[in-house]
Amino acid sequence: MVAQPPLNARVGEVTQRIVERSRERRGRYLERIAAAAARAPQRQALGCANQAHGFAACGPSDKAMLRAGQGAALGIVTAYNDMLSAHRPYERYPDLLREAAREAGGVALVAGGVPAMCDGITQGEAGMELSLFSREVIALSTAVALSHQTFDAAVFLGICDKIVPGLVIGALSFGHLPAVFIPSGPMTSGLPNDEKSKIRQLFAEGKVGRDALLEAESQSYHGPGTCTFYGTANTNQMLMEIMGLHLPGASFVTPDTPLRDALTRAAAQRALAITALGNDYIPAGRMLDERAFVNGIVGLHATGGSTNHTLHLVAMAAAGGIVLSWDDFSALAEVTPLLARVYPNGAADVNHFHAAGGMAFVIRELLGAGLLHPDAQTILGTGLDAYTREPVLAADGSLSWRDGPAASGDEKVLRGGAAPFQATGGLKVLDGNLGRAVIKTSAVAPERHVIEAPARIFHSQEELQAAFKAGALTGDLVAVVRFQGPKANGMPELHKLMPPLGVLQDRGHKVALVTDGRLSGASGKVPAAIHVTPEAVDGGAIAKIRDGDLVRVDAVSGRLEALVPAAEWAARPAARADLTGNHAGVGRELFAAFRAAVGGAEHGASIFEEA
């Protein structure tokens, strides 16, 4: 057992603010899922034709169980496809889950599939403008999958960037059902991430050709499993574990191994053990309360996770009637130490993080510092202390858990709370006459936390790349890439900006990025004020900046300002942009309703109304 110190005062204050802010919405949500739970299991109240449709394709034993109403029915919502490395391992999971369910006296069926797109494939391409909205499509697809109302619990197979947040939103829409998330794990380590980054930068400078670049990328992304850098996909897995939706230690076990298969089976059996049919009922909507989301934010900061979760956690919480703000993220970052250095915040990958102690060590350290709510409920029906343990297989193949390591196995990768990499979590909310934004500083050298330089204006990342290739970017600059917000074009990630801006920074220039677009967890070493809100197309002040204006990005004091006289700034008109080219092709025309309905970045860039 981890000795439990008093809860950190800041953590307690932020949690209480969230509780008070959310009281009405959370109350309405809990009433709604309580009413849904009172009607469960719904399949027994369906008409005979409805029930017959529901089990028509099942085998004899499963059909007999469902027909008699005995045992629990487990719905599988899967993001399987065999193109994406992280999701290919899910091909085998339905059979594993069905076997495990039968052993537990239940039935498991694939309820439905959700799309799984890869930001790594769509980076810099038109398809990236569908990426953020795919989260909403995944939530909607989850709702369709579970709408047959024939399940007592659900398991969710998803890994990558928008997929897990979308699945969580969908699961909370059916919050009267228990929910267990099942990862597939990271691919084995390939070409080190820092070496890959160097090749990208050399390619941007024209010093190596496309063959060398493709070879480096292929050596890095080389097999089944999640990409091994600490971007949004692996941050998702950290969150699902620290928020209690995974089995302990499940996040970073590699695919297609006996331990991974054992964890998958155990996850199905745990989901069946916590339905309303038994005495250990744990509905997801009650489990994921304010404490769980605060624990998630603390974990985000402690591990240097993806800035995308300043959007996703807000949207996920809203689906459960909980109101988060960026100020909550900022306040918690100030008291959360950075315990991990995983690329792009360091040279290691997630396999090195896992080997050094991984999630069990991180959770133990954060509990020991009073930075987590130890009593937040989990799918185990216990608090977080159980998550300081790690899974192991016995010689006979049985699964058990042992105490996680008391010390880091590699202090270049993972450190304890007494000697962290830095005292705060490396994420700051910026305010000023340009609006609000977030900046991730954990990978940025301290001397670059404040940048003041003339603005260079671009309305696409292609414009900036063209200017760089033409040799037109010289001297200190703040690159302002605007009209990239959710209403404008779906808020794409802008990673194609990083190699040229990194080259300019390495040449000794002061460089920063200001954008109403996204960068995610792989934003790297260039200071970047991202998610600027209000966005340019929605009347945001970022549309007022002109070439040559001095812009200050200050991650120390939390300021984002155009240093223009106030009277001139107030009178200056906002620029406009022709976005018609972003609204058709590659399916973008189908998302017009999403662009029209989407809210601002600080509210999660979501199309959904409150819970």
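The values are calculated or read from the model by the stated rules, or taken from the named source; none is laboratory data. What you see is a predicted model; the values in this text were computed from it and never measured. Because the Cβ atoms are built from the backbone with ideal geometry, glycine has one as well, and the counts that use them run over all protein chains shown.
See the values below:
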{"quantity": "Single residue of the range 575-611 satisfying the filter (over 25 Å from the mean Cα position of the chain (by Cα) and assigned to a loop (DSSP other than H, G, I, E, B)) that is farthest from Gly485 (Cα to Cα)", "calculated": "Gly585"}
{"quantity": "In the range 469-486, the residues that are part of a strand (DSSP E or B) and touching a Pro at 6+ places or on another chain (Cβ under 8 Å)", "calculated": "Leu477, Val478"}
{"quantity": "The range 304-317 residues that are on the phi > 0 side of the Ramachandran plot, paired with ones that are surrounded by 24 or more Cβ atoms within 10 Å (Cβ to Cβ) and modelled with pLDDT of 95 or more (beta carbon under 7 Å, 6 or more apart)", "calculated": "Gly304/Ala340"}
{"quantity": "Of residues in the range 118-132 being within 14 Å of the chain's Cα centre (by Cα) and not in a loop (DSSP other than H, G, I, E, B), the one surrounded by the fewest Cβ atoms within 10 Å (Cβ to Cβ)", "calculated": "Ser131"}
{"quantity": "Test set (1) of a type in the set (Ser, Thr, Tyr); (2) under 21 Å from Asp349 (Cβ atoms); (3) in the same structural domain as Arg88 (by TED's automatic domain parsing) - Ser197 fails condition number", "calculated": "(3)"}
{"quantity": "Count - residues of the range 559-573 that are surrounded by fewer than 15 Cβ atoms within 10 Å (Cβ to Cβ) and either under 28 Å from the mean Cα position of the chain (by Cα) or of a type in the set (A, V, I, L, M) (or both)", "calculated": "5"}
{"quantity": "Any hit, the range 34-55, residues being modelled with pLDDT of 85 or more and more than 37 Å from the chain's Cα centre (by Cα)", "calculated": "no"}
{"quantity": "Residue under evaluation Pro183, criteria (1) more than 23 Å from Gly75 (Cβ to Cβ); (2) buried (at least 22 other Cβ atoms within 10 Å of the Cβ), criterion not met", "calculated": "(1)"}
{"quantity": "Strands (runs of 3 or more DSSP E) within the range 333-442 that include 1 or more residues touching a strand residue (DSSP E or B) at 6+ places or on another chain (Cβ under 7 Å) and crowded, with 24+ Cβ neighbours inside 10 Å", "calculated": "427-432, 435-440"}
{"quantity": "Matching residues in the range 147-166 - criterion: being touching a Gly at 6+ places or on another chain (Cβ under 6 Å) and outside any loop (DSSP other than H, G, I, E, B)", "calculated": "Ala154, Val164"}
{"quantity": "Unmet requirement for Arg26, which otherwise passes all of (1) exposed (fewer than 14 other Cβ atoms within 10 Å of the Cβ); (2) out of contact with any Lys or Arg (no Cβ under 9 Å at 6 or more places or on another chain); (3) part of a helix (DSSP H, G or I)", "calculated": "(1)"}
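Residue by residue, here is whether (1) at pLDDT below 95; (2) of a type in the set (Val, Ile, Thr); (3) in a helix (DSSP H, G or I); (4) within 28 Å of the chain's Cα centre (by Cα) holds:
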residue	(1), (2), (3), (4)
Ala488	no, no, yes, yes
Leu497	yes, no, yes, yes
Val503	yes, yes, yes, no
Val514	no, yes, no, yes
